[in-house]
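To keep things clear, I will list the structure first and then write my remarks on it.
The values are calculated or read from the model by the stated rules, or taken from the named source; none is laboratory data. Since the model is a prediction, treat every value here as computed from it, not as a measurement. Neighbour counts are summed over all protein chains in view; Cβ atoms, including those assigned to glycine, are modelled from backbone coordinates with ideal geometry.
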Amino acid sequence: MSLPLLDFSDQMCRLLLQAYPGAFRERFAGEMAQVFRSLGRETYRRSGSGAVVRLWLSAFWDLAWAVVYQWWVTLVRQRRENMQTNPIAPRDRIEPLSAGQAAIAALPFLAFGISSLVSKLGLIPLGPDGLPLWQVLFVDPYLVFNWLVLIGLGAGILAGFPRWAYSYLGWALLFGWWWSDMRFYGYWLGWTIWLPLLGVFLVALLIRRSLQPLRAMVNGIWHDWTLLSLGVYILYGHVYMLYDENHHPYLLAFIAATTLAASLGAWGYFRSAYPLRRILALVGGLLLATGLSMTSYATWDYRAYYGLPESGQNDLLVGFVFFAALALLMFGNGLLARWRLSRGSRLKET
Amino acid sequence: MDDLHKRLPLSPAAFSILLALKDGEKHGYAILRAVSEQSDEAVKLLPGTLYNLLKRMLDQGWIEELEERPDPALDDERRRYYRLTGLGETVASLEAERLAELVRTARKRGLLTSQGEI
């Protein structure tokens with residue numbers, strides 16, 4: 001009876017050891033089984049099988065309590081200690097930019113608003129046609145804005161593509177897309193509008209003699225999917241700041257206010273560590289810009305100005321629904337971004 | 001040192017393990033036996049409690065695992081040996097002083113009749 005009892009005892013012990021958390025089990029289970037085996041045999045040798053049964057009654061509760069304790073350590077205490085030693089390092093965090101760097105990132109928004117203001121003010125008289133192209137390229141407020149964006153992008157590439165450079169990249173891509181299908185001052189540039197952007201990339205990479213900035217750029221987007229929402233924000237921010245075909249008596253004030261709102265949203269985006277807060281900054285900026293735009297159209301009758309017939313369409317409702325759909329899309333992107341960051345961190349930890 | 005004082009008092013089982021390792025490195029089963037012997041079987045450890053405490057002491061740097069077994073030829077390879085670190089010795093000393101102070105107080109109040117020197 002004695003040996004089968006000891007074997008059974010060993011098997012029961014090994015079975016109970018399986019209940020421990022994985023890391024503890026891997027480290028200590030073999031050793032514990034060996035200690036229990038020695039203890040069982042020693043108890044049997046000194047006091048017989050009855051003592052082994054009594055040992056088991058005590059050991060069962062001892063092991064059960066120890067298993068519960070180790071799970072508590074693994075699931076609760078370790079987590080609490082990690083939070084205490086590093087209270088602001090959850091998995092979905094990205095180091096935010098400093099206030100100055102965020103201002104650099106928000107600068108294209110401000111610059112575009114200023115270009116829009118200058119353009120509306122008509123400070124630089126440009127005839128409909130006839131100016132040589134090289135003059136147009138350096139006099140038109142929007143094209144001057146584009147040069148500024150390209151200079152910023154070049155600096156970003158030279159600096160190894162820090163996070164603020166995404167703002168410049170987004171604006172440069174938007175500008176290329178916007179102008180490639182536009183005729184201005186008698187010139188239609190088509191695909192050649194992309195050449196300066198391509199040139200900036202080539203020159204900056206040649207100076208760097210490394211593809212690292214390109215890799216940093218792609219990795220950054222892959223790491224933080226909220227940058228896609230930033231792209232959408234740039235698109236609609238530009239539309240709102242443009243106030244195209246708008247002749248409201250206080251147009252310049254609307255442009256200035258919308259520029260500040262959009263710049264503030266971008267600044268908040270780059271200052272936020274967490275995906276949903278970044279999205280909230282963008283949606284906040286967009287809400288202000290939408291509100292200003294809707295107010296301008298609500299207080300100025302564009303149909304009367306352009307001699308258009310009345311329509312039964314509720315412009316305010318359309319504007320609100322459009323904003324709500326955009327905000328939902330952005331928040332969905334934020335949730336995906338949070339999932340992506342958490343997943344990436346977990347993979348890194350393992 | 002203040003941080004170490006916060007770790008006190010130790011449980012009888014934890015203090016017994018540190019005492020057992022003060023004699024030199026031991027494997028798990030040897031620690032069980034030493035704890036039992038040094039307390040006249042008043043403290044009896046079982047594997048669950050023993051390894052909970054060993055893990056905690058390893059994490060806190062009070063003990064460390066030997067990289068090589070003292071006599072591999074005569075030993076079970078699953079056995080791991082543990083020894084006291086300097087930090088563990090300091091903690092054990094602080095706990096011993098705390099207990100000694102309690103004993104002195106008990107003697108002053110007439111609760112201790114033996115003549116042992118503390």
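Any idea which of (1) surrounded by 14 or more Cβ atoms within 10 Å (Cβ to Cβ); (2) closer than 23 Å to B:ARG79 by Cβ; (3) away from chain B (no Cβ under 12 Å) is the one A:ASP62 doesn't satisfy?
For A:ASP62, the failing item is (3).
Of everything in segment A:156-173, what is part of a loop (DSSP other than H, G, I, E, B) and not hydrophobic (A, V, I, L, M, F, W, C)? Give them in sequence order.
Across segment A:156-173, the qualifying residues are A:GLY160, A:PRO162, A:ARG163.
Could you grab the pairs with beta carbons closer than 7 Å, sequence gap of 6+ or different chains, first residue in segment A:30-52 and more than 7 Å from chain B (Cβ to nearest Cβ), second one among the basic types (Lys, Arg)?
Matching pairs, first to second residue: A:ALA33/A:ARG14.
If a residue has to be over 11 Å from the mean Cα position of the chain (by Cα), within 13 Å of chain A (Cβ to nearest Cβ) and among the aliphatic types (A, V, I, L, M) to count, how many in segment B:7-33 make the cut?
Of the residues in segment B:7-33, 1 are over 11 Å from the mean Cα position of the chain (by Cα), within 13 Å of chain A (Cβ to nearest Cβ) and among the aliphatic types (A, V, I, L, M).
Tally the residues that are in a helix (DSSP H, G or I) and more than 8 Å from every other protein chain (Cβ to nearest Cβ), restricting the search to segment B:34-58.
9
Within segment A:215-257, how many residues are under 21 Å from A:LEU276 (Cα atoms) and basic (Lys, Arg)?
Going through segment A:215-257 one residue at a time, the tally reaches 0.
This table checks each residue for (1) within 53 Å of the chain's Cα centre (by Cα); (2) surrounded by 15 or more Cβ atoms within 10 Å (Cβ to Cβ); (3) of a type outside the set (Val, Ile, Thr).
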| residue | (1), (2), (3) |
| --- | --- |
| A:MET12 | yes, yes, yes |
| A:LEU15 | yes, no, yes |
| A:GLY22 | yes, no, yes |
| A:ARG45 | no, no, yes |
| A:VAL52 | no, yes, no |
| A:ALA66 | yes, yes, yes |
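Of the residues in segment B:56-83, how many are of a type in the set (Gly, Ala, Ser) and modelled with pLDDT under 80?
Of the residues in that region, 1 qualify.
Could you tell me whether any residue of segment A:212-224 is modelled with pLDDT under 85 and surrounded by 14 or more Cβ atoms within 10 Å (Cβ to Cβ)?
no
Test B:ALA30 against the stated conditions and say whether it is under 22 Å from A:SER58 (Cα atoms) and either part of a loop (DSSP other than H, G, I, E, B) or modelled with pLDDT under 90 (or both).
no
Determine whether A:LEU286 is at pLDDT 90 or above, surrounded by fewer than 23 Cβ atoms within 10 Å (Cβ to Cβ) and within 21 Å of A:ILE114 (Cα to Cα).
So A:LEU286 does not fit the description; no.
Check off (1) under 28 Å from A:ARG54 (Cβ atoms); (2) surrounded by fewer than 16 Cβ atoms within 10 Å (Cβ to Cβ); (3) in contact (Cβ under 8 Å) with a residue 40 or more places away in the chain for B:HIS27 and give me the number that stays unchecked.
Here B:HIS27 meets the rest and fails (2).
Only one residue in A:VAL68, A:VAL73 is in contact with a helix residue (DSSP H, G or I) (Cβ under 9 Å, 6 or more places away or on another chain) and either modelled with pLDDT under 90 or within 14 Å of chain B (Cβ to nearest Cβ) (or both). Which one?
A:VAL73
So which helices (runs of 4 or more DSSP H) are wholly in segment A:241-330 and hold at least 2 residues that are under 30 Å from the mean Cα position of the chain (by Cα)?
A:251-271, A:275-298
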